[in-house]
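Undergrad: Just passing along the structure, written as structure tokens.
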Amino acid sequence: MKQYKSSLRVGERPWTKWLLIGTALTLTLLILVIPLVLIFAQALSGGVGTAWENLTDEYTLHAIGLTLFVAALTVPINLVFGVFLAWLVTRFEFPGRKALITLIDIPFAVSPVVAGLLYLLLYGSNGWLGSWLADHDVQLMFAWPGIVMVTVFVTCPFVARELIPLMQQQGSEEEEAGVILGASGWQLFRRVTLPNIQWALIYGVVLTNARAVGEFGAVSVVAGNIRGQTNTLPLHVELLYQDYNVVGAFVSASLLAGIALLTLLIKGIVEWRQSSQRSPEINPSEVR
Amino acid sequence: MSITVERINKYFGSFQALRDISLEIPDGKLIGLLGPSGSGKTTLLRVIAGLENAESGRVLFHGQDVTPLHVRERRVGFVFQHYALFRHMTVAQNIAFGLEVMPRKDRPNAAEIRKRVGELLEMVQLSHLADRFPAQLSGGQKQRIALARALAMKPQILLLDEPFGALDAKVRKDLRRWLRALHDELHFTSVFVTHDQEEALELSDQVVVMSAGKIEQVDDPRSLYAQPESRFVFDFLGHVNVFEGALQGQRLAQGEGWVELPEQATGDTVQLYLRPHEVRLQDEPASHAHLPLRIESISLIGAEVRLELAPCGWQSEEPWEVGISHAEFNRWQPQRGDRCYAVPDVGHLFNREGQPPHTLSWVGR
């Protein structure tokens, strides 16, 4: 019998394949893995004791607290805002709907520093709204409300962006069926809409949280870097580094990196849940 | 519960989906809304349910104006074309939904809900699937669950939007028969939307034929087929052969084709509509008609042999179709390309715009 060489698919010549895989792996190593490992290595370079001292430093603890506080305010705000927005653009037809979908992406398109400057211009003590607010003894900029405001701005697309395609694809038939069966608005949301979007929602929240914790550019403009007052964790990293406290900077940085890794883990789990949602496992039912 | 629709107008942007629709649906009847896609039949159904608001007009249930009532308060059963089952709930939870969202004071207790769900599952013969999720069911099963869910609230009006549209032919036929039986047993008023003429004629007590947002004709299936009131209904329900010509006295002529009408008629350009069973084919022209045709194709499958014919020496927008019995086919043995003559026995003359046709008969002459 005549022997035929097994035919190759397009792009499957062995050396092409391995060259591409090798390049990808090298780049990943250089760009992602080594820097990530170095962060933790640097943080622990002075020993665990020094790292602990830096971690429990008064200003570091304050920065951690402020960062968590900002995230704790930002995430719920954008959760509600994102669900509301996604509901609006996927369930209703109105003039300007398409424009609104595009506008949602502005925070992604604009550099965070520009966003920070805009808020400063608007709400700063010399700003249009800020001077009026100052007359009434309200200070937004260079204080935590300003940090929350810009963080909300920068992270507002995440939840909506996750929900809109899903809700478009699912359509509103199930909701219509729910209303016809007599469900009130809240019952409809809790029993029909929410279970259908829950994984996309969690995904959006995780991304929002990651960005809220890590935001630097916009926050640095409006925070004013007052140590122990308006210093968030990313700003604190920069401050420590400028003070030549390399270990301190890397200890704080490793906290941020840790949050990033945790985000990736949750993201992975949620994605896995989303893909397995199509063939849901049998749950014990409430009604038999 | 009877349904009355009064002068409904509905726009989507500048597109008018429903034009001044009025309709009376008597209590306990099964009504089919039939029309091509875009004719407004689904929109009308959704207006009746309250899922769409009409710009003007009223909807009444049992003589009571329900136009201002929210969908939630109209208490109709609705079955969607794509089932719209809640994907994250089991079959039993889906059926129980309507009962569980009732205000606390009206809501039956858990045991009663369980019992009712059990009964409904038995009714749709799917008790063994109570704990499955919609994704694990076939199309026919999903549609039956959707029906059970809609009936859980014991509605007096059941609305169905293309209920069998997404199912294969066999399941469709079964479900059709089953729906008819269910309707006869439970005595609700049902309205269903379909684009399938056969389905509408087989299932309905009355058929509402719609086109371009208007009602063309409302009639029982038999009259609808026998006496269509407009060209549209003629075309839409089964095949029709058209001979269009100019009237000279009693003779309707076009090219080499002509038909001698049995009685005096008026009009310049008139059309003669002939159902396939109202035409005979012969080797020789008859004394009252000269319509030469060439046999284009022969279809042997079915109770009749169906011949597709092209006009010779005159024009027709669509090819003609005539059915002959297998016995006649065997006697005559026509071949593709053979020439023959059409002889009308009964015909329907459209000679005035917007008017129903005038039925002519040559039989007994």
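Undergrad: Residues A:140, A:129: which one is out of contact with any Lys or Arg (no Cβ under 9 Å at 6 or more places or on another chain) and in a helix (DSSP H, G or I)?
TA: Values: A:140 fails: in a helix (DSSP H, G or I).
Only one candidate qualifies: A:129.
Undergrad: Shifting gears a bit: Taking segment A:166-179 on its own, how many of its residues are facing chain B (nearest Cβ under 10 Å) and crowded, with 18+ Cβ neighbours inside 10 Å? Let's see the steps before the verdict.
TA: To start, the set of residues in segment A:166-179 that are facing chain B (nearest Cβ under 10 Å) comprises A:170-179.
Add one more test, that the residue is crowded, with 18+ Cβ neighbours inside 10 Å, and what stays is A:172, A:174-179.
Here the count works out to 7.
Undergrad: With segment A:164-236 as the region, which helices (runs of 4 or more DSSP H) entirely inside it contain at least 3 residues that are touching a residue at least 40 places away in the same chain (Cβ under 8 Å)?
TA: Working: elements: A:173-180, A:185-188, A:194-214, A:217-223.
In segment A:164-236, A:194-214, A:217-223 are the helices (runs of 4 or more DSSP H) which contain 3 or more residues that are touching a residue at least 40 places away in the same chain (Cβ under 8 Å).
Undergrad: Filter segment B:124-151 for residues that are modelled with pLDDT under 90 and within 11 Å of chain A (Cβ to nearest Cβ) and give the result.
TA: Those that are modelled with pLDDT under 90 and within 11 Å of chain A (Cβ to nearest Cβ): none in segment B:124-151.
Undergrad: In addition: For segment B:143-163, what are the residues that are farther than 13 Å from residue B:89 by Cβ and basic (Lys, Arg)?
TA: Passing the criteria: B:144, B:154.
Undergrad: Another question, then. Given (1) buried (at least 21 other Cβ atoms within 10 Å of the Cβ); (2) more than 7 Å from every other protein chain (Cβ to nearest Cβ); (3) not in a loop (DSSP other than H, G, I, E, B), identify the lone condition not met by residue B:115.
TA: Answer for residue B:115: the failing condition is (1).
Undergrad: Being crowded, with 22+ Cβ neighbours inside 10 Å, more than 14 Å from chain A (Cβ to nearest Cβ) and under 23 Å from residue B:93 (Cα atoms), is that true of even one residue in segment B:189-200?
TA: Looking through segment B:189-200, none of the residues is crowded, with 22+ Cβ neighbours inside 10 Å, more than 14 Å from chain A (Cβ to nearest Cβ) and under 23 Å from residue B:93 (Cα atoms).
Undergrad: State the number of residues belonging to segment B:45-62 that are away from every other protein chain (no Cβ under 12 Å), part of a loop (DSSP other than H, G, I, E, B) and within 24 Å of residue B:207 (Cβ to Cβ).
TA: Residues in segment B:45-62 being away from every other protein chain (no Cβ under 12 Å), part of a loop (DSSP other than H, G, I, E, B) and within 24 Å of residue B:207 (Cβ to Cβ): 2 in total.
Undergrad: Search segment A:185-217 for residues being of a type in the set (Gly, Ala, Ser) and within 14 Å of another protein chain (Cβ to nearest Cβ), and hand back the single one that is surrounded by the fewest Cβ atoms within 10 Å (Cβ to Cβ).
TA: A:185
Undergrad: Within segment B:1-24, track down each residue that is in contact with a helix residue (DSSP H, G or I) (Cβ under 9 Å, 6 or more places away or on another chain) and of a type outside the set (D, E, K, R). Before you say what the answer is, go through the steps one by one.
TA: The initial filter retains those residues of segment B:1-24 that are in contact with a helix residue (DSSP H, G or I) (Cβ under 9 Å, 6 or more places away or on another chain), namely B:3, B:5, B:8, B:10, B:12, B:17-18, B:21, B:23.
The answer is B:3, B:5, B:8, B:12, B:17, B:18, B:21, B:23.
Yes/no per residue for (1) farther than 25 Å from residue B:237 by Cα; (2) of a type in the set (Val, Ile, Thr); (3) buried (at least 18 other Cβ atoms within 10 Å of the Cβ):
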residue	(1), (2), (3)
B:257	yes, no, yes
B:310	no, no, no
B:313	yes, no, no
B:327	yes, no, no
B:342	no, no, yes
B:363	no, yes, no
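Undergrad: How many residues are closer than 22 Å to residue B:211 by Cα and among the polar types (S, T, N, Q) when one looks only at segment B:41-80? Write out each step before concluding.
TA: Going residue by residue through segment B:41-80, those that are closer than 22 Å to residue B:211 by Cα are B:41-59, B:80.
Subsequent filtering for residues that are among the polar types (S, T, N, Q) retains B:42-43, B:53, B:56.
Residues meeting the conditions: 4.
Undergrad: In addition: For the structure I just gave you, tell me whether residue A:68 is within 26 Å of the chain's Cα centre (by Cα) and either modelled with pLDDT of 90 or more or not in a helix (DSSP H, G or I) (or both).
TA: Details: within 26 Å of the chain's Cα centre (by Cα): yes; either modelled with pLDDT of 90 or more or not in a helix (DSSP H, G or I) (or both): yes.
In short, yes.
Undergrad: Only one residue in A:124, A:116, A:182 is surrounded by 21 or more Cβ atoms within 10 Å (Cβ to Cβ) and within 14 Å of chain B (Cβ to nearest Cβ), so which one is that? Even if it seems obvious, please write down each step before you answer.
TA: Values: A:124 fails: within 14 Å of chain B (Cβ to nearest Cβ); A:116 fails: within 14 Å of chain B (Cβ to nearest Cβ).
Residue meeting the stated conditions: A:182.
Undergrad: Further question on the same structure: Considering each of B:177, B:172 in turn, give the residue that is in the same structural domain as residue B:139 (by TED's automatic domain parsing), without any contact (Cβ under 8 Å) to a residue 24 or more places away in the chain and under 26 Å from residue A:180 (Cβ atoms). Steps first, please.
TA: Details: B:172 fails: without any contact (Cβ under 8 Å) to a residue 24 or more places away in the chain.
Testing whether each residue is in the same structural domain as residue B:139 (by TED's automatic domain parsing), without any contact (Cβ under 8 Å) to a residue 24 or more places away in the chain and under 26 Å from residue A:180 (Cβ atoms) leaves just B:177.
Undergrad: Now for a different question. Go through the residues of segment B:104-111 one by one and say whether even a single one is surrounded by fewer than 20 Cβ atoms within 10 Å (Cβ to Cβ), in a strand (DSSP E or B) and assigned by TED's automatic domain parsing to the domain that holds residue B:44.
TA: Our first condition is that a residue be surrounded by fewer than 20 Cβ atoms within 10 Å (Cβ to Cβ); within segment B:104-111, this holds for B:104-111.
The next check asks that each one be in a strand (DSSP E or B); those that pass are none.
No, segment B:104-111 contains no residue that is surrounded by fewer than 20 Cβ atoms within 10 Å (Cβ to Cβ), in a strand (DSSP E or B) and assigned by TED's automatic domain parsing to the domain that holds residue B:44.
Undergrad: What pairs come out if I take residues in segment B:83-96 that are within 8 Å of chain A (Cβ to nearest Cβ) and pair them with residues that are acidic (Asp, Glu) and outside any loop (DSSP other than H, G, I, E, B) whose C-beta lies under 8 Å away, six or more apart or interchain?
TA: B:84/A:173; B:84/A:174; B:84/A:176; B:85/A:174; B:86/A:174; B:87/A:174
Undergrad: Of all residues in segment B:131-151, which are of a type in the set (A, V, I, L, M, F, W, C) and either crowded, with 19+ Cβ neighbours inside 10 Å or under 17 Å from residue A:182 (Cβ atoms) (or both)? So that I can check it myself, show each step before the final result.
TA: So in segment B:131-151, the residues of a type in the set (A, V, I, L, M, F, W, C) come out as B:133, B:135, B:137, B:145-148, B:150-151.
Selection gives B:133, B:145, B:146, B:147, B:148, B:150, B:151.
Undergrad: Same structure, new question: Report yes if residue A:46 is in contact (Cβ under 8 Å) with a residue 40 or more places away in the chain and more than 26 Å from residue A:222 (Cα to Cα), otherwise no.
TA: Details: in contact (Cβ under 8 Å) with a residue 40 or more places away in the chain: yes; more than 26 Å from residue A:222 (Cα to Cα): yes.
Taking the combined requirement at face value, the residue satisfies it.
Undergrad: Further question on the same structure: List pairs: first residue in segment B:67-81 and more than 8 Å from chain A (Cβ to nearest Cβ), second residue of a type in the set (Lys, Arg) anywhere in the structure, Cβ distance under 7 angstrom, at least six positions apart or on different chains.
TA: Close Cβ pairs satisfying both conditions: B:67/B:58.
Undergrad: Another one. Take the residues in segment B:131-169 that are acidic (Asp, Glu) and free of Cβ contacts under 8 Å to residues at least 60 places away in the same chain, then tell me which one is farthest from residue B:198 (Cα to Cα).
TA: Residues of segment B:131-169 that are acidic (Asp, Glu), as a first pass: B:131, B:161-162, B:168.
Imposing the further condition that a residue be free of Cβ contacts under 8 Å to residues at least 60 places away in the same chain reduces the set to B:131, B:168.
Numbers: B:131: 36, B:168: 15 Å.
Once the filter is applied, the top-ranked residue is B:131.
The values are calculated or read from the model by the stated rules, or taken from the named source; none is laboratory data. Since we're looking at a predicted model, the values are computed, not measured. A quick note on method: Cβ atoms are made from the backbone with ideal geometry, for glycine too, and the neighbour counts reach across all protein chains shown.
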